[in-house]
Every structure is written in C-alpha cells, then in structure tokens.
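Let me begin by presenting the structure, written as structure tokens, before commenting on it.
No lab work stands behind these numbers, since they all come straight from the coordinates. Just so you know, these numbers come straight off a predicted model, no measurement behind them. All Cβ positions, glycine included, derive from the backbone under ideal geometry; neighbour counts span all protein chains shown.
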Ligand code: SF4
Ligand code: SF4
C-alpha cells in the first residue's frame, strides 16, 4: 500500500490536500505547529492509493508520497 508523510512544520492548514484526497486519508490534527497552525496528518487506516494529488496541490511542499 502507498503511504504519505506530512511535514507538520511546513503546513499552513489551508486544507487543499484534505479536499484533494478522495480516499479521506488526510485529516486535521489535534495539535498546533510552531507557526500556530492546526497541521494536517495522515490517517493510516484509510487506503492511500499513491495518486500524489495531495502532494501536487500543497503550496508548501509539505507532503511526500511513497509507493
Ligand atoms: S497520494 Fe492520493 S490517496 Fe494518497 S493521501 Fe495523497 S491524495 Fe490521498
Ligand atoms: S495542502 Fe499542504 S499546507 Fe495545505 S493543509 Fe495540506 S499539507 Fe498543509
């Protein structure tokens, strides 16, 4: 299965990746990063298909996709 990593300190919580992922893999996390944003995080229980849409839409290049 594919998987993603999200660099929380780069994330500005714009939500573009959350909207882009049709598998529901990305959700807003409970904490805040050093900039005070509620960074998103991957939900490992959802099935990432490695389409890379999340990484493409992220303006902060915070997401890496492994497949
Ligand atoms: S690679 Fe595709 S399926 Fe996986 S988290 Fe990103 S948008 Fe969702
Ligand atoms: S698209 Fe990038 S900056 Fe925006 S919420 Fe997702 S990881 Fe954070």
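Tell me, what is the percent relative contact order of the chain, built from C-alpha pairs under 8 Å that lie six or more residues apart? Relative contact order, the chain: 47 percent.
Per-residue ellipticity at 222 nm from helix content only, as computed over the chain with -39500 (n - 2.57) for each DSSP H run of at least four residues, stands at -3000 deg cm²/dmol.
The per residue volume of the convex hull around the alpha-carbon atoms of the chain is 67 Å³. Each of 66, 37 was scored by other Cβ atoms within 10 Å of its Cβ. Listed from fewest to most, they are 66, 37.
Fully extending the segment from residue 27 to residue 64, taken as 0.36 nm per residue of separation minus the present Cα-Cα distance, adds 11.8 nm.
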